[in-house]
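Take a look at the structure below.
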Amino acid sequence: MLKKILIITKSLRYWLDKITYNLSTNNKELQQLRNKVKGKPLLIVGNGPSLNNTPLDSFNGIYSIGMNKIDMIFERTSWRPDIILTMNNLVVKQHWSAMLQNSIPHYLSWKSRLFLPLWKRKNFTFFLSNASNDFQEDISLSVGVSGTVTYAALQFAYYLDANPVIIVGVDHNFTYEGNANDIQKRKGDDPNHFDPNYFAKGQYWGVPNLNLSEVGFKNAKKAFEKRGRKIFDATVEGKLQIFEKISIDEAHALIIQSNKLK
C-alpha cells in the first residue's frame, strides 16, 4: 500500500521539492563548484568490495568524489575525498551523525533533509534530485536520478569541468534476493560493499536497479564525449561495461599525463 501511495504521489512530491528547494540558498552554494577542476583529472570512488584491492593512497592529491558511507574506509587509508555525495534516504537516516565527524563537505539530496534534525541541516549542502534520468549539465538547478548516486557524481564531475574522470570501486555486481528497488532488512554481513557492516545486520537497504543505473551511465558517457571529455573505469574486476576499462597503473599514468598537459 505504501509503495502504491509513493508512486501515485511522486509527481506532487517532486513538484513540492522544486518549490521549496528554489526558496533555499543551496543552488548558490553549488554554483561555487562550477569549473573548479577545469581540465584536470578527477576520481570518483564507489563503495564496492573491490575497494579492498584498490590502492586509494596512491590517488592522494587528485580531486575526488566519495559517496554515501565512504568514511567507513578512512581508518584504512590516508586518502580522503574532497566532497561526499549522498542521495539515498536510508543512508542519510542511518549515517548522518557519522558524516558530521569529519570536515569534508557533504552534499545531500534535498529530499533527504527530512531525515535530519532541523538544527543539523545547516551542516550540509543540498542538491535537487529530479524525476528524470536525463543527464543534467547544471547541478545548481537539479540532478538527474538513474538508480545510483554514482550518476549524480558524474554530473557533479561534469559541472566541475573535470577531464578525464576515473572511476574506481563501482563493481556493478550485487548479491541479493528479491526485486530491484525493494527495501530489505539485512540478515547478515554485507557482501556488496567494502565493509561487511556497511549495511549492518538489522539495517535496511535498497536493492539496486542495475539496468536503470546503466541508463544513466550511458547518458553520462554521451554527455562527456559530446564535449570531448572522457570517463574511464579502473574498478578492479568491475562488471560495468559502459566506460572504457583501464587498470590502476594505467589510471596513474593517465593522471600524470593529464597533469603534464596543464
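The values are calculated or read from the model by the stated rules, or taken from the named source; none is laboratory data. Fair warning: this is a prediction, and the values are worked out from it, not measured in the lab. Here Cβ is always computed from backbone atoms with ideal geometry, including for glycine, and neighbour counts include all displayed protein chains. Side chains included, ligands, DNA and RNA excluded: accessible areas come from the protein's heavy atoms. Shrake-Rupley method; radii C 1.70, N 1.55, O 1.52, S 1.80 Å.
Would you check which residues across the stretch 79-111 are among the small types (Gly, Ala, Ser), farther than 18 Å from GLU29 by Cβ and open to solvent by 40 Å² or more (accessible area, probe 1.4 Å) and list them? Give the derivation first.
Of the stretch 79-111, the ones among the small types (Gly, Ala, Ser) are 97-98, 103, 109.
Within this subset, residues satisfying the condition of being farther than 18 Å from GLU29 by Cβ are 97-98.
The one that is among the small types (Gly, Ala, Ser), farther than 18 Å from GLU29 by Cβ and open to solvent by 40 Å² or more (accessible area, probe 1.4 Å): SER97.
What tally of residues in the stretch 140-168 results from selecting those that are more than 13 Å from the chain's Cα centre (by Cα), part of a loop (DSSP other than H, G, I, E, B) and crowded, with 20+ Cβ neighbours inside 10 Å?
The number of residues fulfilling the criteria is 5.
Restricting to the stretch 97-114, name every residue that is part of a helix (DSSP H, G or I) and not basic (Lys, Arg).
Kept after step one, since they are part of a helix (DSSP H, G or I), are these residues of the stretch 97-114: 97-99, 110-114.
SER97, ALA98, MET99, TRP110, SER112, LEU114, listed by residue number.
Would you confirm, using the coordinates I've provided, whether SER97 is over 18 Å from the mean Cα position of the chain (by Cα) and over 20 Å from LEU160 (Cβ atoms)? Steps first, answer last, please.
Numbers: over 18 Å from the mean Cα position of the chain (by Cα): yes; over 20 Å from LEU160 (Cβ atoms): yes.
Yes; evaluated as a whole, the condition is true for this residue.
Can you find a residue that is within 19 Å of the chain's Cα centre (by Cα) and part of a loop (DSSP other than H, G, I, E, B) anywhere in the stretch 246-259?
So in the stretch 246-259, the residues within 19 Å of the chain's Cα centre (by Cα) come out as none.
The answer is no; no qualifying residue exists.
Quick check on my filter: what residues within the stretch 63-78 are farther than 14 Å from PHE199 by Cα, open to solvent by 10 Å² or more (accessible area, probe 1.4 Å) and touching a helix residue (DSSP H, G or I) at 6+ places or on another chain (Cβ under 7 Å)?
Of everything in the stretch 63-78, those that are farther than 14 Å from PHE199 by Cα, open to solvent by 10 Å² or more (accessible area, probe 1.4 Å) and touching a helix residue (DSSP H, G or I) at 6+ places or on another chain (Cβ under 7 Å) turn out to be THR77, SER78.
How many of the residues in the stretch 116-136 are assigned to a loop (DSSP other than H, G, I, E, B) and either closer than 17 Å to ILE65 by Cα or among the β-branched types (Val, Ile, Thr) (or both)? Step through it out loud before you land on a result.
Pass one, the stretch 116-136, residues assigned to a loop (DSSP other than H, G, I, E, B): 116-117, 124, 128, 130-136.
With the extra rule that they be either closer than 17 Å to ILE65 by Cα or among the β-branched types (Val, Ile, Thr) (or both), the set shrinks to 124.
Counting residues in the stretch 116-136 that are assigned to a loop (DSSP other than H, G, I, E, B) and either closer than 17 Å to ILE65 by Cα or among the β-branched types (Val, Ile, Thr) (or both) gives 1.
For ARG13, all conditions in the list (1) at pLDDT below 95; (2) in contact with a helix residue (DSSP H, G or I) (Cβ under 6 Å, 6 or more places away or on another chain) hold save one; what is the number of the exception?
Of (1) at pLDDT below 95; (2) in contact with a helix residue (DSSP H, G or I) (Cβ under 6 Å, 6 or more places away or on another chain), only one is false for ARG13: (2).
Starting from the stretch 205-230, keep only residues that are in contact (Cβ under 8 Å) with a residue 12 or more places away in the chain and more than 20 Å from MET87 (Cβ to Cβ), then list their pairs with residues that are open to solvent by less than 70 Å² (accessible area, probe 1.4 Å) and of a type in the set (S, T, N, Q) whose Cβ atoms are within a distance under 6 Å, requiring at least 6 positions of separation or different chains.
Matching pairs, first to second residue: ARG229/ASN163.
Would you point out which residue out of LEU128, LEU114 is in contact with a helix residue (DSSP H, G or I) (Cβ under 9 Å, 6 or more places away or on another chain), over 30 Å from PRO55 (Cα atoms), among the aliphatic types (A, V, I, L, M) and loosely packed, with under 15 Cβ neighbours inside 10 Å? Let's see the steps before the verdict.
Details: LEU128 fails: loosely packed, with under 15 Cβ neighbours inside 10 Å.
Being in contact with a helix residue (DSSP H, G or I) (Cβ under 9 Å, 6 or more places away or on another chain), over 30 Å from PRO55 (Cα atoms), among the aliphatic types (A, V, I, L, M) and loosely packed, with under 15 Cβ neighbours inside 10 Å holds for just one of LEU128, LEU114, which is LEU114.
In this structure, does ALA157 turn out to be touching a Leu at 6+ places or on another chain (Cβ under 7 Å) and either in contact (Cβ under 8 Å) with a residue 60 or more places away in the chain or not small (Gly, Ala, Ser) (or both)? It would help to see each step written out before you state the result.
On the way: touching a Leu at 6+ places or on another chain (Cβ under 7 Å): yes; either in contact (Cβ under 8 Å) with a residue 60 or more places away in the chain or not small (Gly, Ala, Ser) (or both): yes.
Spelling it out, ALA157 is indeed touching a Leu at 6+ places or on another chain (Cβ under 7 Å) and either in contact (Cβ under 8 Å) with a residue 60 or more places away in the chain or not small (Gly, Ala, Ser) (or both).
Kindly indicate the residue of the stretch 169-184 that is at positive phi and touching a residue at least 60 places away in the same chain (Cβ under 8 Å) and also surrounded by the most Cβ atoms within 10 Å (Cβ to Cβ) among those meeting that condition. Steps first, answer last, please.
Residues of the stretch 169-184 at positive phi: 169, 172, 178, 181.
If we keep only those that are touching a residue at least 60 places away in the same chain (Cβ under 8 Å) too, we end up with 169, 172.
Numbers: GLY169: 28, HIS172: 22.
It comes out as GLY169.
Would you pick out the residues in the stretch 185-222 that are among the charged types (D, E, K, R), in a loop (DSSP other than H, G, I, E, B), open to solvent by 20 Å² or more (accessible area, probe 1.4 Å) and within 20 Å of SER50 (Cα to Cα)?
First pass over the stretch 185-222, keeping only residues among the charged types (D, E, K, R): 185-187, 189-190, 195, 201, 214, 218, 221-222.
Next cut, in a loop (DSSP other than H, G, I, E, B) only: 186-187, 189-190, 195, 201.
If we keep only those that are open to solvent by 20 Å² or more (accessible area, probe 1.4 Å) as well, we get 186-187, 189, 195, 201.
ASP189, ASP195 - these are the residues of the stretch 185-222 that are among the charged types (D, E, K, R), in a loop (DSSP other than H, G, I, E, B), open to solvent by 20 Å² or more (accessible area, probe 1.4 Å) and within 20 Å of SER50 (Cα to Cα).
Within the stretch 185-199, is there a residue that is without any contact (Cβ under 8 Å) to a residue 60 or more places away in the chain and closer than 20 Å to VAL143 by Cβ?
No, the stretch 185-199 has no match at all.
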